[in-house]
Amino acid sequence: MNASTVESATRAEYCVIACAEAWRGDGEILAGPMGAVPSVGARLARLTFAPDLLLTDGEATLVGPDGEPEGWLPYRRHLALVTGGRRHVMMGASQIDRFGNQNISCIGDWEQPARQLLGVRGAPVNTLNNPVSYWIPRHSPRVFVERVDMICGVGHDSARAAGPSATRFHRIPRVVSDLGVFDFATPDRSMRLASLHPGVTVDQVREATGFALTVPADVPCTRSLI
């Protein structure tokens with residue numbers, strides 16, 4: 001990719017590369033991307049720096065980057081990979097807070113929610129047994145909240161409160177949104193702005209985030225090359 005190509009890259013392409021980077025260094029592990037941008041990101045990772053990454057069609061087939069079948073992955077085997085920590089899923093979030101607690105279940109009080117969403121699904125098992133990253137297509141204070149209404153995906157503070165059994169395999173490598181990339185490389189494992197997508201300012205990110213975000217003195221631009 002030459003300089004002119006980088007200059008013409010779209011915001012979506014930066015997001016795809018940022019999602020791909022979530023799987024860097026994972027080795028032979030099953031990628032679990034949820035959504036179009038993470039799925040393209042996982043395939044990009046497989047084609048470049050992560051040749052051992054396993055891709056799935058979301059059902060029972062392992063596929064190559066072109067979608068051609070490579071193997072069979074029955075549900076029982078998929079569950080074994082999940083419980084054994086051999087999967088890195090990139091989920092979405094209806095809400096996510098400063099410690100990485102994620103909500104996809106309901107908005108409002110659980111006993112009488114204002115909005116019913118997907119339900120807890122496999123989020124607790126995912127976050128306690130596997131690395132879990134997040135893709136947020138629209139960064140806003142409604143999604144990045146001070147405290148989620150219900151904890152589905154377990155964040156750093158919740159895992160810490162539950163003790164060593166919850167923190168042993170707990171890892172949230174990154175959160176990617178349409179504004180930037182975020183991690184938890186802070187002393188209290190709260191969310192930090194790791195990079196800004198081109199054209200986005202720190203003030204824009206702060207205005208779109210419903211909690212105090214750690215912002216380094218020098219925030220790099222999200223990388224445009226793998």
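Using a simple spin-label model with pseudo-atoms 7 Å out from Cα toward Cβ, L62 and I226 lie 1.9 nm apart.
Solvent-accessible surface of the range 11-208, taken per residue with a 1.4 Å probe and all protein chains present: 48 Å².
Length gained on full extension, Q112 to A9, computed as 0.36 nm times the residue gap minus the Cα-Cα distance: 32.6 nm. Across the chain, Cα pairs under 8 Å and at least six residues apart give a relative contact order of 19 percent. Taking a sphere under 13 Å around the Cβ of R77 and counting the other residues whose Cβ falls inside, with K and R at +1 and D and E at -1, yields a net charge of +2.
Of all DSSP beta bridges confined to the range 11-208, the antiparallel ones make up roughly 55%.
Put simply, the C-alpha atoms of the range 11-208 give a gyration tensor, and the ellipsoid matching it has half-axes of 26, 21, 16 Å, longest first.
Straightening the chain between Y75 and R168 buys 31.0 nm, computed as 0.36 nm per residue apart minus the Cα-Cα spacing. If you take all other residues with their beta carbon under 13 Å from the beta carbon of E68, and give Lys and Arg +1 and Asp and Glu -1, the sum is -1. Of the residues T83, T167, T186, the one with the largest accessible area comes first in the ranking T83, T167, T186, computed with a 1.4 Å probe on protein heavy atoms.
Annotation for the range 23-108: GluC sites (Glu not before Pro) lying in DSSP loop with at most 16 further Cβ atoms inside 10 Å of their Cβ are E28, E59. A cut-off of 5 Å between modelled amide H atoms, ignoring neighbours fewer than 5 places along the same chain, links G153 with Q102, N103, I104. When the solvent-accessible area of the chain is split by element, carbon and sulfur atoms take up 53 percent of it, the probe being 1.4 Å. Largest mean-square fluctuation among G32, G122, G199, in a Gaussian network model of the chain whose springs join Cα atoms under 10 Å apart, belongs to G199. Suppose only helical runs count, i.e. DSSP H with n ≥ 4. What mean residue ellipticity at 222 nm does that imply for the chain under -39500 (n - 2.57) per run, divided by all residues and rounded to the nearest 500 deg cm²/dmol? The helix-only estimate for the chain comes to -7000 deg cm²/dmol at 222 nm.
The values are calculated or read from the model by the stated rules, or taken from the named source; none is laboratory data. Computed from a predicted model, the values in this text were never measured in an experiment. All Cβ positions, glycine included, derive from the backbone under ideal geometry; neighbour counts span all protein chains shown. These area figures cover heavy atoms from the full protein model, side chains too; ligands, DNA and RNA do not enter into them. Shrake-Rupley method; radii C 1.70, N 1.55, O 1.52, S 1.80 Å.
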